[in-house]
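Single-structure report; data block below.
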Amino acid sequence: MRYSVFSLARAALNGHKSWPQAWRDHALRDRYRVIVVGGGGHGLATAYYLAKNHNITDVLVLERGYIGGGNVGRNTTIIRSNYMLPANEPFYEHSLKLWEGLAQDLNFNMMVSQRGVLNLYHSDSQRDAFARRGNAMRLCGVDAELLDVDGVRKYAPLLDFDNARFPVQGGLLQPRGGTVRHDAVAWGYARAADRLGVHIAQTCEVTGLVIEGGRVAGVETPHGRILADKVGLAVAGNTSLVAQMAGIELPIETHLLTAFVSEGLKPFIDGVVTFGAGHFYLSQSDKGGLVFGGDLDGYNSYSQRGGLAEIDHVLTAGIAMVPAMSRVRMLRHWAGRMDMTMDGSPIICTTPVENLFLNGGWCYGGFKATPASGWCFAHTIAAGEPHPLNRDFTIERFRTGRVIDEKGAGPRPWLQ
Ligand SMILES: Cc1cc2nc3c(=O)[nH]c(=O)nc-3n(C[C@H](O)[C@H](O)[C@H](O)COP(=O)(O)OP(=O)(O)OC[C@H]3O[C@@H](n4cnc5c(N)ncnc54)[C@H](O)[C@@H]3O)c2cc1C
């Protein structure tokens, strides 16, 4: 069924009992042309673009949990393309352009809201660094505006502009940045991929990779072996564990990142605002809750439960930026597993195992990348070589030293 105002009206007339399942369950075949491991945003987008852009519909997506249960449904929903380095900026801008038409393309409303993303600066040197990044963006044809303090006051009046330690001096605004309802992205891609013939299997974990003569031949699951010509890994926080099944050691550490939502409030803040004097960012969901987050927990874990120290740190930074937050009650918080690379940039590439492809290392910025990641990974799998946009996202870069260190933080994944 195509979603439209007419299908909505028809369903309303019969008490919304006629909606079909958004995607189907299929009996698994013994063999597929491509298996994508991981039914998060990136895996499902990859399956969709394999079918749509490359006419490869004999595709199986294997998800060990349920669709939307991974980081794609755990993040704080921010999309943007405010990068500086030439390896990153065109890739993230391609993603933002895909977001702009995605609801129409997938026939699924994922509430893309280009409400703006503003990074605050609090010192002259930070202003200069932001001006440099804004100029690099504009040279790539991407929107960027450097605001002075009065510009920020108009945009987000509730900030503490005269904070004794961190007075706000201005901010770098990307007006086309914003938010997208995160789990709807997984549902939209799953439904659209299903309509093109892709099979999606939930609660089906990949427990091993079948490798014969240096070439991948399929995967092992609790339901038995499934063969494939090509296998793509898109398992986000589990990347290093699944890659180990192929004997590949990755320069990735797994850390936790916590997200927070407050009680619902009347309109409080229009866009996304990030603090420049600590790691804190804030937006408001359409339901009224403040959605915010901050830094990693700083130790390795697969638990998906953040620690108290980081909760304290995030709330302290939040109140320093917006003192009115001290009166707001928290509703809930949760954490996701971050596959942190040593330079903070992702990996989309071929691997030493023939026909095994790798997508990972998204750190805590992979949600905004979902469309471009799927687009480029599908190309890499179909063609057997990278798309020009992901040419630099290799694993060799960590050996050769051609790292893409956007933050200049060095090989310290907890600082990226
Ligand atoms: C709190 C938080 C806030 C964030 N905020 C932002 C943000 O504002 N903007 C942004 O751009 N990014 C953000 N991120 C990062 C972003 O969510 C991730 O980088 C991105 O979602 C990862 O890609 P994915 O959607 O494919 O991951 P996932 O949804 O995690 O998909 C991977 C899937 O692989 C499955 N899997 C793992 N192992 C196996 C196996 N062996 N067999 C089968 N399936 C397997 C998992 O169950 C999972 O469903 C945030 C993350 C968190 C946790």
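Any read-out appearing in this document is the output of simple, stated calculations on the displayed coordinates, not a laboratory observation. In this text, all values refer to a predicted model and were calculated from it rather than measured experimentally. Every residue, glycine among them, receives a Cβ derived from its backbone with ideal geometry; neighbour counts consider all protein chains shown.
Taking chymotrypsin sites (Phe, Trp or Tyr not before Pro) as exposed when DSSP calls them loop (any state but H, G, I, E, B) and at most 13 other Cβ atoms lie within 10 Å, what is the longest stretch of the chain free of them, the sites themselves excluded?
Numbers: sites that count: 66, 302.
Maximal segment without exposed cleavage sites: 67-301.
Before anything else, pin down the relative contact order of region 166-222: Cα pairs under 8 Å, at least 6 apart, normalised by residue count, whole percent.
It rounds to 20 percent for region 166-222.
State the extension gain, in nm to one decimal, for the chain segment bounded by residue 105 and residue 53, taking 0.36 nm per residue of separation less the distance between their alpha-carbons. Don't skip to the end; give the middle numbers.
Values: separation 52, 0.36 × 52 = 18.72 nm, distance 1.24 nm.
Extra length from residue 105 to residue 53 when fully extended: 17.5 nm.
Set Lys and Arg Cβ to +1 and Asp and Glu Cβ to -1, take the dipole of the chain about its Cα centre, and tell me which of 118, 208, 45 lies farthest positive.
45
Pull up all non-local amide H partners of residue 218: gap of 5 or more, or a different chain, and H-to-H distance under 5 Å with H placed in the peptide plane.
HN-HN under 5 Å from residue 218: 210, 228.
Counting each DSSP H run of 4 or more residues in the chain as -39500 (n - 2.57), what helix-only mean residue ellipticity at 222 nm follows after dividing by all residues, to the nearest 500 deg cm²/dmol? Could the numbers behind the result be given before it?
Values: 10 runs with 116 residues, N = 416.
-8500 deg cm²/dmol, from helical runs alone.
Please build a GNM for the chain, connecting alpha carbons under 10 Å apart, and tell me which residue among 284, 202, 114 fluctuates the most.
Fluctuation is largest for 202.
Could you give me the ³J(HN,Hα) list for region 167-177, computed from phi with Karplus coefficients 6.51, -1.76, 1.60 and θ = phi - 60°, whole Hz, x at Gly and Pro?
x, 7, 9, x, x, 9, 10, 10, x, 7, x
Which GluC sites (Glu not before Pro) in region 348-415 pass both tests, a DSSP loop state and at most 16 other beta-carbon atoms within 10 Å? If you can, show how the numbers build up before the last one.
Working: sites: 354, 396, 406; in loops: 396, 406.
The qualifying sites are 396.
Expressed as a rounded percentage, what relative contact order does region 24-91 have, with Cα pairs under 8 Å and six or more residues apart?
Numbers: 57 pairs, mean separation 21.1, N = 68.
Taking the mean separation of contacting Cα pairs over the length of region 24-91, I get 31 percent.
What's the magnitude of the charge dipole for the chain around its Cα centre, counting Lys and Arg as +1 and Asp and Glu as -1 at the beta-carbon? Answer in Debye, nearest 20.
On the way: 41 positive and 39 negative charges, 210 e Å.
Dipole of the chain, to the nearest 20 debye: 1000 debye.
Provide the FRET efficiency to the nearest 0.05 for the residue 286-residue 33 pair, computing r from the beta carbons and using R0 = 41 Å. Could the numbers behind the result be given before it?
On the way: r = 40 Å, r/R0 = 0.97.
In this case the efficiency is close to 0.55.
What is the sum of charges around residue 11, taking Lys and Arg as +1, Asp and Glu as -1, for the other residues whose C-beta is under 15 Å from the C-beta of residue 11? Kindly include the intermediate steps, with their values, before the conclusion.
On the way: positive: 2, 10, 17; negative: none.
Net charge around residue 11: +3.
Between 26, 379, 333, find the one with the highest GNM mean-square fluctuation for the chain; connect C-alpha pairs within less than 10 Å.
26
How charged is the neighbourhood of residue 221? Take every other residue with its Cβ under 14 Å from the Cβ of residue 221, and add Lys/Arg as +1 and Asp/Glu as -1. Could the numbers behind the result be given before it?
Working: positive: 29, 31, 64, 225; negative: 30, 63, 205, 220.
Result for the neighbourhood of residue 221: 0.
To make sure I understand, if each residue's beta carbon is the centre and we count other beta carbons within 10 Å, what order do 74, 132 fall in, fewest to most? Write out the running numbers ahead of the final one.
Working: 74 22, 132 12.
Listing 74, 132 from fewest to most nearby Cβ atoms yields 132, 74.
Among 22, 136, 186, determine the one that fluctuates most according to a GNM of the chain built with springs between C-alpha atoms less than 10 Å apart.
Looking only at 22, 136, 186, the largest GNM fluctuation is found for 22.
Show the residues, 5+ positions off or on another chain, whose built amide H is closer than 5 Å to the amide H of residue 334.
259
Rounded to the nearest 5, what % of the DSSP beta bridges within the chain are antiparallel ones? Numbers along the way, then the final one.
Numbers: 48 of 68 bridges.
Antiparallel bridges: around 70 percent, rounded to the nearest 5.
Give the lysines reachable from residue 230 as a straight Cα distance under 25 Å; neighbours fewer than 8 places away on the same chain don't count.
52
Placing unit charges on C-beta atoms (Lys and Arg positive, Asp and Glu negative, everything else neutral), compute the dipole magnitude of region 299-416 about its Cα centre in debye, rounded to 20.
Details: 12 positive and 10 negative charges, 99 e Å.
That gives region 299-416 a dipole magnitude of about 480 debye.
Can you tell me, using C-alpha contacts under 8 Å and at least 6 residues apart, the relative contact order of region 81-139 as a whole percent?
Values: 27 pairs, mean separation 26.6, N = 59.
Worked out over region 81-139, it gives 45 percent.
When the dipole is taken about the Cα centre of region 197-279, and only Lys, Arg (+1) and Asp, Glu (-1) are charged at their Cβ, what size is it in debye, to the nearest 20?
Working: 4 positive and 8 negative charges, 29 e Å.
So the magnitude is around 140 debye.
Rank the residues 325, 1, 340 as a footprinting-exposure proxy: fewest other Cβ atoms within 10 Å of their Cβ go first. Walk me through the numbers on the way to the answer.
Details: 325 19, 1 13, 340 25.
Ascending number of Cβ neighbours within 10 Å: 1, 325, 340.
Could you work out the percent of alpha carbon pairs in region 332-416 separated by over 22 Å, rounded to a whole number?
Values: 953 of 3570 pairs.
The share of Cα pairs beyond 22 Å in region 332-416 comes to 27 percent.
If you plug each phi of region 384-392 into the Karplus form 6.51 cos²θ - 1.76 cosθ + 1.60 with θ = phi - 60°, what whole-Hz ³J(HN,Hα) values come out, in order, with x for Gly and Pro?
For region 384-392, the Karplus curve yields x, 8, x, 6, x, 6, 10, 4, 8 Hz.
What number comes out for the charge environment of residue 22, summing +1 per Lys or Arg and -1 per Asp or Glu over other residues with Cβ under 13 Å away?
Details: positive: 2, 24, 191, 195; negative: 25, 183, 194.
After counting each charged neighbour, the total is +1.
Given H placed 1.01 Å from N in the peptide plane, which residues other than close sequence neighbours of residue 147 have an amide H under 5 Å from its amide H?
The list, which skips near neighbours in sequence, is 171, 172, 173.
In whole Å, how far is the Cα centre of region 133-184 from that of region 255-295?
The two parts, judged by their Cα centres, are 15 Å apart.
For a footprinting-style exposure proxy, rank 18, 125, 283 by other Cβ within 10 Å, fewest first.
Values: 18 12, 125 9, 283 25.
Placing the least packed residue first, the sequence is 125, 18, 283.
Whole-Hz ³J(HN,Hα) for each residue in region 185-200, computed from phi via Karplus 6.51 cos²θ - 1.76 cosθ + 1.60 with θ = phi - 60°, x for glycine and proline: what do you get?
Result, ordered by residue: 5, 5, 5, x, 5, 4, 5, 5, 5, 4, 5, 8, x, 6, 8, 10 Hz.
Which trypsin sites (Lys or Arg not before Pro) from region 1-48 combine a DSSP loop assignment with at most 13 other Cβ atoms within 10 Å? Display every interim value, and only then the final one.
Values: sites: 2, 10, 17, 24, 29, 31, 33; in loops: 2, 17, 24, 29.
Here the trypsin sites (Lys or Arg not before Pro) that fit, given the DSSP loop and packing criteria, are 2, 17, 24, 29.
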